[in-house]
Amino acid sequence: MNTKNRDKLIVFDTTLRDGEQSAGASLTSQDKFRIAGQLQKLNVDVIEAGFAASSPGDFSAVRKIALEIEGPTICTLARAVKSDIDAAIECVKDGLKPRIHTFLSVSDIHLLHQMKKDRESIMLMAVDAVKRAKEFVEDIEFSPMDASRSDPEYLYIMLEKAIDAGATTVNIPDTVGYSNPKEFGNLISGVFKNVSNINKAIVSVHCHNDLGMAVANSLSSLENGARQIEGCVNGLGERAGNAALEEVIMAVKTRPDHYGISSDINTEEIGATSRLISNIFGFPIQYNKAITGQNAFRHSSGIHQDAYLKERTTFEIMHPDEVGWRGDAIVLTKVSGRAGLKSRLEYLGYKIDDEELIEIFKNFKNLADQKKEITDQDLEALMSEFHRELDTTERFKVVDLDVICGNKQNPSSTITLELPNGKTKTSTKTGTGPVDAVCNSIDSIINENITLTEFAVSSVTEGIDALGEVTIRIEKEGTIYTGQGSDTDIIVASAKAYVNAINRYLIIQSSN
Ligand code: KIV
Ligand code: ZN
């Protein structure tokens, strides 16, 4: 192990790469940039921003992040083939702190069915890929995919050769979440014992959560000498996801007696990061989720409450402030002024200029007219709506909506949309319910032949006057696109979400 990093946990965030591989996720480059900005505030060490060769859209999103986000190392993934490596080099080589992460399968099951190659050819591919990337970028990570199901003897030789070829980090993936803490810990300890040049590289792990053990396996690897953990905020990622980074980070922070290492993470930013990512991906956070769930610091039973009120630490091992957790603090009302709004938004981490403040204040006043008390969660929803509008200027926009529904008449909707050319168009359609009628009237204007696959409504806060947040997923040519909208009227929120999903499809389509 690289001795200079022996006591530091290197946090490698792959929300923008493995996280984006979550079924039903699709990010625009603006989404990616906004998330990267928040990860910078969280102070992660490495951001895996995407997969340069996967699409022109991802290439330019990663490149922009690599050139503009200061602080973290910015990494792009590449298969161990020349075309991917060259795209990765082109993408990040001029970046502020670039890394190329190259991978290929090493388990016999993958070699036989996926790669259709023998062990020797795979070994050569790995070495060639690392050497090629190293010609242009100093910081190279190598991952033998499906390592936890591979022959350890073969794995050790491959790691040794990858390090000799120039890999500065070697990452051991539990690609299909098959391992368990004891076994995975032993694998990491085996790597330290059997790879002769291992002290020239950082040992990293990348654990998937198929059996719910991704965080436990990651922590076990730390007990055995690994120093980089890969994972995603909120545990997003392929299938059941990756290790939830916030859980690993807080385990290490809360139990220094056990792990004996620390990270540079600004843990107070965890809550804001988790909410932003949940919002942009359109995946709600489970109520009882560790660290970031809305119940994570709520004490319900009388016995617990009694003891907690006498001494907080009887039932709390972390302070909610430490992870930026927020209860239901009521902060603003319709009599609040522009300065109050600006200062609260700044406290929540939003930097806004005077021109933006004028627009946001208008939206705030509209909301405050409908809703007595504006909470931090309302403000976050308001800001998400503001950013969605900003990202989709020159796209379709909901101008007016009239809906007739009830149990005595056929639901019908009349909607007016602003078109990308600035003109407006109105359409009236019926449907099986008000949302169906709204979608039909939007379809008749936009005409994109898409299928609505998911519709979910949640309320931003409690209470009858709460803001409704609608998430809609649409499918077009086999790809899923997500849209969101919020409003005190859930039918209006639905119209906004549907139009937002179509706009995002059009944006992603035009960048590829
Ligand atoms: O799960 C996996 O093995 C991966 C690799 C690309 C590291 O995502
Ligand atoms: Zn993965």
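Here are the numbers for this structure:
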| read-out | value |
| --- | --- |
| Using a Förster distance of 56 Å, the FRET efficiency for Asp402-Glu120 (Cβ separation, nearest 0.05) | 0.20 |
| Theoretical gain in end-to-end length, Glu355 to Ser343 [0.36 nm per residue, Cα-Cα removed] | 2.8 nm |
| Local net charge near Ala456, Cβ-Cβ under 13 Å (Lys/Arg +1, Asp/Glu -1) | -1 |
| Estimated FRET transfer efficiency (Leu211, Tyr287; beta-carbon r; R0 25 Å; 0.05) | 0.65 |
| Normalised per residue, the volume of the convex hull around the Cα set of the stretch 392-511 (Å³) | 107 |
| Cα gyration tensor, the stretch 184-279 - rounded (a/c under 1.5), prolate or oblate | prolate |
| Linear extension gain, Lys131 paired with His258, 0.36 nm per residue minus alpha-carbon span | 41.9 nm |
| Cβ-Cβ FRET estimate between Ser510 and Lys41, R0 fixed at 25 Å, reported to 0.05 | 0.25 |
| Fewest-first ranking of Asp353, Asp84, using other Cβ atoms within 10 Å as the exposure measure | Asp353, Asp84 |
| Above-threshold pairs, the threshold being 29 Å between Cα atoms, out of Lys8/Lys97; Lys82/Lys200; Lys116/Lys161; Lys117/Lys161; Lys64/Lys116 | Lys64/Lys116 |
| Charge dipole magnitude, Cβ of K and R +1, D and E -1 - the stretch 338-390, Cα centre, debye nearest 20 | 200 |
| Dipole of the chain [Lys/Arg +1, Asp/Glu -1 at C-beta], most positive-end residue of Leu357, Ala61, Gly282 | Ala61 |
| Dipole moment magnitude, nearest 20 debye, the stretch 392-511 about Cα centre, only Lys, Arg, Asp, Glu C-beta charged | 340 |
| Length added when fully stretched, Lys193-Glu448, from 0.36 nm per residue minus Cα-Cα | 86.0 nm |
| Fewest-first sequence of Glu380, Glu138 by Cβ atoms within 10 Å of each Cβ | Glu138, Glu380 |
| Relative contact order %, the chain, counting alpha carbon pairs below 8 Å whose residues are six or more apart | 11 |
| Inter-label distance for Asn410 and Glu311, nm, one decimal - labels placed 7 Å from Cα along Cα-to-Cβ | 7.0 |
| Pairs of Cα atoms farther than 34 Å apart, the chain, % | 41 |
| Within-14-Å neighbourhood charge of Met125 [Cβ basis; K, R +1; D, E -1] | +4 |
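Coordinate-derived values only; no laboratory data. Everything numeric in this text was worked out from a predicted model, so none of it was measured. As a convention, Cβ positions derive from the backbone with ideal geometry for all residues, glycine included, and neighbour counts pool all protein chains shown.
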